[in-house]
Amino acid sequence: MAGSLARAEQAAVDLGLSITVVEMPESTRTAVEAATACDCEVGQIVKSLVFTGSETGDLFLFLVCGDNQVDIEKAAIAAEQPLERADPSLVRKKTGFAIGGVSPIGHKQPIVTFADEDLLNYQEVWAAAGTPRAVFAVDPTSLIKKTKAKTTDLKLS
Ligand code: 5CA
């Protein structure tokens, strides 16, 4: 797991993204746990969710506010193809991160990324840094810019 954290940190350096990684004593595996550990709103936690094209196997990353659920129809419109949730073994293989610690940056291969527009409601958000206890704080505008994420409405209403 230490390698995963180092990969996320190195990616931030490579991208010129200013982040502060914090290793928490407690789990940050879920958005609610991470919000408790970070003493922030659940909406300020960035969920990094991997989907695959149902017909193509293409990989997509969705960066979503911790208090929003992804509307898979909206996600499919953004990706321009039908999607399904990637299974945990595929997520690990393709990103190098295990579920619960998937970082928005530092994947083993580039991933087309979309961002929930609601992330921009906050000045600071927290995302996983490669392990289920490591997080980093970042300005959402910078995160979206550096991940080349397309910002859109992804929320299930
Ligand atoms: N470290 C936290 C906060 S940054 C984190 O990684 N949250 S997360 O939301 O990005 O990752 C947990 C998410 O993984 C859950 O919201 C859930 O959607 C997804 N997940 C959990 N179990 C599975 C599973 N078996 N298959 C696919 N996705 C899963």
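Values in this text are rule-based calculations from the coordinates and carry no lab data. Predicted, not measured: the structure shown is a model, and the values here were computed from it. We place every Cβ from the backbone using ideal geometry, glycine too, and count neighbours over all the protein chains shown.
When shorter helices are ignored and each DSSP H run of at least 4 residues is given -39500 (n - 2.57), the per-residue value for the chain at 222 nm works out to -8000 deg cm²/dmol.
Using the membrane-span-like helix rule (whole DSSP H runs, Cα extent along the own axis of at least 15 Å, mean Kyte-Doolittle hydropathy at least -0.5), which helices of the chain qualify?
2-15
Look at where the Cα atoms of the range 1-77 and of the range 86-144 average out, and the two centres are 3 Å apart.
With the cut-off at 16 Å, report for the range 1-124 the share of all Cα pairs above it, as a whole percent. The partial results should precede the final answer.
On the way: 4828 of 7626 pairs.
Summing the P(r) of the range 1-124 above 16 Å gives 63 percent of all pairs.
Computed packing ranks the peptides 72-82, 46-56 as 46-56, 72-82, most packed first, by mean other Cβ atoms within 10 Å.
Ordering 22-30, 119-127 by mean Cβ neighbour count within 10 Å, with the highest value first, yields 119-127, 22-30.
About its Cα centre, the dipole of the range 45-157 is roughly 580 debye, where the only charges are +1 on Lys and Arg Cβ and -1 on Asp and Glu Cβ. Per residue, the average separation of C-alpha pairs within less than 8 Å and at least 6 apart gives the chain a relative contact order of 31 percent. Between D87 and S27, the distance separating the two model label sites (each 7 Å from Cα on the Cα→Cβ line) works out to 2.3 nm. With each label modelled as a point 7 angstrom along the Cα→C-beta vector, the K150-Q123 pair spans 3.2 nm. Each DSSP beta bridge with both residues in the range 2-152 is either parallel or antiparallel, and the antiparallel ones are about 65%. Taking a ≥ b ≥ c as the square roots of the eigenvalues of the Cα gyration tensor of the range 1-52, is the shape rounded (a/c under 1.5), prolate (a/b larger than b/c) or oblate? Cα axes put the range 1-52 in the prolate bin.
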